[in-house]
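A.B. asks: The structure's right below; bear with me while I get my questions together.
The values are calculated or read from the model by the stated rules, or taken from the named source; none is laboratory data. Not measured: the values here are computed from a predicted model. Counting neighbours? That spans all protein chains shown, and the Cβs are built from the backbone with ideal geometry, glycine included. The accessibility values were calculated without ligands, DNA or RNA, using every heavy atom of the protein model including side chains. Shrake-Rupley method; radii C 1.70, N 1.55, O 1.52, S 1.80 Å.
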Amino acid sequence: MTADGGTMPRPAGPTGAVAPVESGAGERVADVVEAVRDGIVKGRFAPGQRLPEAELVTLFGASRGAVRSALAQLENEGVVLRERNRGARVRAVSLAEAVEITEARSVVEGLCAAKAAARASTDDRARLRALGEELRTAVDGADVVAYSRINQQVHRAVQEIARHSTAAQVLDRLRIQSVRYHYTVALLPGRPAVGLREHTAIIDAVCSGDPDAAEQTMRAHLLSVVDSLHKLDAQLYRW
């Protein structure tokens, strides 16, 4: 059941089919954790939505023990809340907490950008530049949904190029908690154009091979997002 009493949606794969836990992996807790995270990031599971164990067992083809362990791990990560006799639900993150999360991301992602600048191959640089062009097309077409998606792909690409497993684990936990606010920020007037300039600067800095410039550019971008979150807070207060 959802927060408003409806039925919990079935997570869809690229073709719209249900995306079950990997075949034969019923006891693999990590697969259930990843499936729930993916559902939250893609908006299938909303803040406050309940996650009944029995429905997750059916949804992901996992055992009840695997689902229970996965929910315990997600609770430790701050992604879900579990209440006695009421089960688990997606944890709602406040705007103030989203600001703190983004400030922390600025430090960790700055490290990733520096590592990426030092380690990027010719193919890596081509991948980043291609994403930059896709982002420009989205902004020129006023496609906020595509802008938000490609925005995240740029950050993910930098993280992957950095090949820093500890930073990646930290970022995976931070991003999922504040994802809905960053989509809302993208709706602020003029924000996609600003974001395009900032992401282009990040891509240029990483591709230049200058770790210091890449780190500072990434940190400046995420602190700009913090400023936008404060603007969002001011708008909500006026409403």
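A.B. asks: Every residue in the stretch 159-172 that is open to solvent by 10 Å² or more (accessible area, probe 1.4 Å) and over 17 Å from K42 (Cβ atoms), please. Spell out how you get there, then give the answer.
C.D. replies: So in the stretch 159-172, the residues open to solvent by 10 Å² or more (accessible area, probe 1.4 Å) come out as 159-160, 163-166, 168-170, 172.
Result: Q159, E160, R163, H164, S165, T166, A168, Q169, V170.
A.B. asks: Among (1) more than 20 Å from D227 (Cβ to Cβ); (2) in contact with a Phe, Trp or Tyr (Cβ under 9 Å, 6 or more places away or on another chain), there is one condition L171 misses while meeting the rest; what is its number?
C.D. replies: (2)
A.B. asks: Now a separate question. So how many residues does the stretch 205-232 have that are of a type in the set (K, R) and either open to solvent by less than 40 Å² (accessible area, probe 1.4 Å) or under 21 Å from A118 (Cα atoms) (or both)? First the steps, then the outcome.
C.D. replies: Going through the stretch 205-232, the residues of a type in the set (K, R) turn out to be 219, 231.
After this cut, where a residue has to be either open to solvent by less than 40 Å² (accessible area, probe 1.4 Å) or under 21 Å from A118 (Cα atoms) (or both) as well, the list is 219.
The total comes to 1.
A.B. asks: Would you confirm whether or not the stretch 189-201 contains a residue that is open to solvent by 50 Å² or more (accessible area, probe 1.4 Å), farther than 17 Å from L135 by Cβ and either without any contact (Cβ under 8 Å) to a residue 60 or more places away in the chain or under 20 Å from the mean Cα position of the chain (by Cα) (or both)?
C.D. replies: Yes, some residue in the stretch 189-201 is open to solvent by 50 Å² or more (accessible area, probe 1.4 Å), farther than 17 Å from L135 by Cβ and either without any contact (Cβ under 8 Å) to a residue 60 or more places away in the chain or under 20 Å from the mean Cα position of the chain (by Cα) (or both).
A.B. asks: OK, next. Look through A117, A126 and report the one residue that is in a helix (DSSP H, G or I), out of contact with any strand residue (DSSP E or B) (no Cβ under 6 Å at 6 or more places or on another chain), of a type outside the set (V, I, T) and touching a residue at least 60 places away in the same chain (Cβ under 8 Å). Show your work before the answer.
C.D. replies: Numbers: A126 fails: touching a residue at least 60 places away in the same chain (Cβ under 8 Å).
Sole residue among the options that is in a helix (DSSP H, G or I), out of contact with any strand residue (DSSP E or B) (no Cβ under 6 Å at 6 or more places or on another chain), of a type outside the set (V, I, T) and touching a residue at least 60 places away in the same chain (Cβ under 8 Å): A117.
A.B. asks: Related question: Which members of the stretch 44-88 meet the condition of being in contact with a Lys or Arg (Cβ under 7 Å, 6 or more places away or on another chain), open to solvent by 30 Å² or more (accessible area, probe 1.4 Å) and in a strand (DSSP E or B)?
C.D. replies: Listed by number, the residues that qualify are R50, L81, G87.
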